[in-house]
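A.B. asks: Here's a structure for you.
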Amino acid sequence: MNHWIIAPLVLPLVAGMLSLLLVARPGLQRALSVGATAGLLPVTLLLLCFAGNGEFGVYPLGNWPAPFGIVLVLDRLTALMLLLTAVLALLVLLHAVNGDDRRGRDFHVLFQLQLLGINGAFLTGDLFNLFVFFEILLIASYGLALHGGGAERTRASLHYVVLNLIGSALFLIAVGTLYAAAGTLNMADLAVKVAAAPPENAGLLRAAALLLLAVFGLKAALLPLHLWLPALYGHATAPVAALFAIMTKVGVYAILRSYTLIFPADGAGSDVGQWLLPLALLTLAAGAVGVLGSQRLRVLVAYLVVVSVGTLLAGIGLFNSGGIGAALYYLPHTTLVSAGLFLLADLIARQRGSHGDDFVLGPPLAQPTRLGVLFFLGAVAAAGLPPLSGFLGKLLLLQAVAPAQAGWLWSIVLIGSLAGLIALSRAGSRIFWKTAGDRAVAGQAPLTHLAPAAVLLAMSIAMTVFAAPLIRYTEATAAQLLAPQQYINAVLGAQP
Amino acid sequence: MMEAVAALTLAVLVTCGVYLVLRARTFPVVLGLSLLSYAVNLFLFFTGRLVTGAPPLAGGSAPVADPIPQALVLTAIVIGFGMTAFVVILALRARGELGSDHVDGREEER
């Protein structure tokens, strides 16, 4: 049995608890947190090598076989998401230890518990366990969203918390309905039971499938449940906003997993199969309008996150291997680039003094060349211009669509990219070119402050250079997701 | 009969919960969320079917009380309790920092 599968849960859990004991020793706490997060990187790489062969890792907790016990399941998709989380978390944490983590006592504790929740949501093979991990990542995120304090953060967090509490209630109703109709909560077993459900239960299962879409749509910021995102991400402390770039992807992951495994779009999930693509395109359009209307750089990046969710779900909503493969290539790209832009916006805001990241006439930056190059790199990647990975992702998506749907999808994706391009060019010229006075108001940022944002944005270059192996991996992942019988056999046939 | 009473109880709880959440003042919102979570807990409990006086384990053809929804309810109650405590503290903080108990932090225009 492969015990490494549970390591991405044990490591942050132990580190989070130890950090709680070390609140009085901030230096030690910081070192522990960075060490544990760095430790996730080799572990998740190992898991990726294991899952890359197309094997399934099934880890029965307490050695109870599925469907009686809870299982952790590692497949290609899970391994990819775990590695992405580890890379993002380490770089974000390296930015945070430059000072942002001292703006509240429990940053490292919450950060580790957030990682526990995210990794758990990716690994679990049980629907109720998914609910529990969602709650862990949510309650940690409530604390992190308030990190640093201030009226705007409190206001945005209040909306976020209340909405997610209602979302949790709906999640439980969906879980209860599914249990009442199918008598199990193991995802693989649910897939079998839902496919073989008697016709009198079809209505209940349809209701449960749509309720789950509402819940995951709220997490992923799918229209019309996206309105909490710009305020929350736009006002959160920079490292927190950058870490939250993965949070919407947890919702996207849950949608992808549920509607390929439990409710396949050509079977029990046919409602979702019809609705996901139009909703995703509307999300993309709404996000593009928000990008054009933003008055602050961080709000602009937050709307770019909404646009990326629309793009991802449009790919998934096609429910073919090309669309899902394109979405899975686009997913790491957009997560890393939006996180990098959040960190960069923070660096820019610090060098503009009281003007922050508002699009107003401000003083020149202390390091216009370095920050300018980084911003240019991030803007090219985020807008989807060639040659960087955003362009490749969108190209794959446009190629995957069938001619019948092509009109809407092509026009909305391309107009959305144009909107992003216009908004980012305007933002860049306001911040870097049109400045008042000739003296910088703030000192230069040392290399340690610039490096995490630079590495995150440079990941886009790496994803372009290594595009061929990556695309091979994501296409294999899409093929694995569209053949759920392998997953079901692996989980239900696994002997402890 | 028992089913009708159970369904009516849930309906009243959810209706009151939704109404209170839509009041858009933090205190009614917290009460509404509590009512919603009570309704959800009861609902989860009912998903194990309504049987009385039955043992919780399978034993041949005799009716059994399903133990899994009870375990789910316990988990849901604990999580709901923690979340309610958090949202109460957050509501108090919002009242202090925003100077209003409206969820948007401002009085609506009259």
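A.B. asks: Mind checking whether some residue in region B:55-67 is touching a helix residue (DSSP H, G or I) at 6+ places or on another chain (Cβ under 6 Å), within 14 Å of chain A (Cβ to nearest Cβ) and part of a helix (DSSP H, G or I)? Explain how you work it out, then say what you get.
C.D. replies: First, the residues of region B:55-67 that are touching a helix residue (DSSP H, G or I) at 6+ places or on another chain (Cβ under 6 Å): B:56.
Going one step further and asking which of them are within 14 Å of chain A (Cβ to nearest Cβ), we end up with none.
No: region B:55-67 contains no residue that is touching a helix residue (DSSP H, G or I) at 6+ places or on another chain (Cβ under 6 Å), within 14 Å of chain A (Cβ to nearest Cβ) and part of a helix (DSSP H, G or I).
A.B. asks: Also, I was wondering about something else. Go through the residues of region A:196-208 one by one and say whether even a single one is in contact with a strand residue (DSSP E or B) (Cβ under 8 Å, 6 or more places away or on another chain), more than 28 Å from A:GLU152 (Cβ to Cβ) and within 14 Å of another protein chain (Cβ to nearest Cβ). I'd like the intermediate steps shown before the answer.
C.D. replies: Applying the first criterion (in contact with a strand residue (DSSP E or B) (Cβ under 8 Å, 6 or more places away or on another chain)) to region A:196-208 yields none.
No, because not a single residue in region A:196-208 is in contact with a strand residue (DSSP E or B) (Cβ under 8 Å, 6 or more places away or on another chain), more than 28 Å from A:GLU152 (Cβ to Cβ) and within 14 Å of another protein chain (Cβ to nearest Cβ).
So that you can scan it fast, the table gives a plain yes or no per residue for (1) at pLDDT 95 or above; (2) buried (at least 22 other Cβ atoms within 10 Å of the Cβ); (3) within 14 Å of chain B (Cβ to nearest Cβ); (4) more than 19 Å from the chain's Cα centre (by Cα):
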| position | (1), (2), (3), (4) |
| --- | --- |
| A:GLY99 | no, no, no, yes |
| A:ARG102 | no, no, no, yes |
| A:ARG105 | no, no, no, yes |
| A:LEU110 | no, yes, yes, no |
| A:PHE128 | no, yes, yes, yes |
| A:ALA140 | no, yes, yes, no |
| A:GLY143 | no, no, yes, no |
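A.B. asks: From A:VAL43, A:VAL23, A:VAL87, A:VAL14, which residue is among the hydrophobic types (A, V, I, L, M, F, W, C), assigned to a helix (DSSP H, G or I) and under 20 Å from A:VAL240 (Cβ atoms)?
C.D. replies: The unique qualifying residue is A:VAL87.
A.B. asks: Please tell me if A:ALA31 is free of Cβ contacts under 8 Å to residues at least 40 places away in the same chain and not in a helix (DSSP H, G or I).
C.D. replies: So A:ALA31 does not fit the description; no.
A.B. asks: Now for a different question. Restricting to region B:68-81, name every residue that is facing another protein chain (nearest Cβ under 8 Å) and of a type in the set (S, T, N, Q).
C.D. replies: B:THR75
A.B. asks: Here are some residues: A:LEU374, A:LEU414. Which one is of a type in the set (A, V, I, L, M), more than 20 Å from the chain's Cα centre (by Cα) and either surrounded by 23 or more Cβ atoms within 10 Å (Cβ to Cβ) or modelled with pLDDT under 90 (or both)?
C.D. replies: Within the list A:LEU374, A:LEU414, the selection yields A:LEU374.
A.B. asks: Considering only region B:70-101, state which residues are assigned to a loop (DSSP other than H, G, I, E, B) and touching a residue at least 12 places away in the same chain (Cβ under 8 Å).
C.D. replies: Of region B:70-101, the ones assigned to a loop (DSSP other than H, G, I, E, B) are B:99-101.
Residue satisfying the conditions is B:ASP101 alone.
A.B. asks: Please specify each residue of region A:161-176 satisfying the condition of being crowded, with 21+ Cβ neighbours inside 10 Å and either more than 10 Å from chain B (Cβ to nearest Cβ) or over 24 Å from the mean Cα position of the chain (by Cα) (or both).
C.D. replies: A:ILE173, A:ALA174, A:GLY176
A.B. asks: Looking only at region A:68-77, which residues are out of contact with any Lys or Arg (no Cβ under 9 Å at 6 or more places or on another chain) and surrounded by 15 or more Cβ atoms within 10 Å (Cβ to Cβ)?
C.D. replies: A:ILE70, A:VAL71, A:LEU72, A:VAL73, A:LEU74, A:ASP75, A:ARG76
A.B. asks: Right, next: Do you know which residues across region A:226-253 are of a type in the set (Ser, Thr, Tyr) and within 13 Å of A:TYR303 (Cα to Cα)?
C.D. replies: Step one: filter region A:226-253 for residues of a type in the set (Ser, Thr, Tyr), giving A:233, A:237, A:248, A:253.
Passing the criteria: A:TYR233, A:THR248.
The values are calculated or read from the model by the stated rules, or taken from the named source; none is laboratory data. In this text the structure is predicted, and so the values were computed from the model without any measurement. All Cβ positions, glycine included, derive from the backbone under ideal geometry; neighbour counts span all protein chains shown.
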